[in-house]
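FYI, it's all coordinate maths here, none of it is from the lab. A quick note: this is a predicted structure, and the numbers were derived from the prediction, not measured. Reconstructed Cβ throughout: ideal geometry from the backbone, glycine too, with neighbour counts over all protein chains shown.
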Amino acid sequence: MTGIFQLLLLVIATLASEPSCPACSKYDYEEKVLERMIRMEFAFEKVLDENKAVSKSVQLDLTRIKEENEHLHATVDALKEQQEHAERRLISLMEEVERNQSSTLENVVTESNNTLKHISAAFNVIKAHPKMVSCVAL
Ligand SMILES: *[C@@H]1O[C@H](CO)[C@@H](O)[C@H](O)[C@H]1NC(C)=O
Ligand SMILES: *[C@@H]1O[C@H](CO)[C@@H](O)[C@H](O)[C@H]1NC(C)=O
């Protein structure tokens, strides 16, 4: 719409600036104006076509950028998911190590206690039968 308006302005400007030519007939003058208008129309259509081509190329670029953006988003989401999964795995592993350590500690304490009980029991047996001690000692 603006383009057509601009063309109209151009034509009016051309008509206004046309030098008065007493030698030329009115017919010649009108023919020249018409020729000029047609040339301008061609030029204008060419500009429009070029605009259309540029617009199409820009549209394609935009679509491509949009697709790349979506792809990047998907990649980032997948990486985030992987990282979160790795973090959860690490946390549960650390908890398991902690549990294992405390259960290992408990086992050691229980075993030590049992060993202590056995030693104590053996000592009591030895105390009750002093002769066995000399036997063992021999
Ligand atoms: C914890 O203990 C269990 C069984 O004792 C074992 O299979 C597992 O590998 C241990 N986990 C870690 C992280 O040490
Ligand atoms: C060790 O054994 C005694 C009994 O002989 C018990 O009273 C105590 O609670 C035990 N300690 C541990 C840490 O298991």
Per-residue HN-Hα couplings for the stretch 78-88 [Karplus 6.51, -1.76, 1.60; θ = phi - 60°; Hz; x = Gly/Pro]: 5, 4, 4, 4, 4, 5, 4, 4, 4, 5, 4
Order by protection proxy (mean Cβ within 10 Å, highest first), peptides 33-42, 75-84: 33-42, 75-84
Full-stretch length increase - VAL76, HIS129 - with 0.36 nm per residue and alpha-carbon distance subtracted: 11.3 nm
All-pairs Cα distance distribution in the stretch 43-118, expressed in whole percent, bin size 10 Å: 15, 16, 14, 12, 11, 9, 8, 6, 4, 3, 1, 0
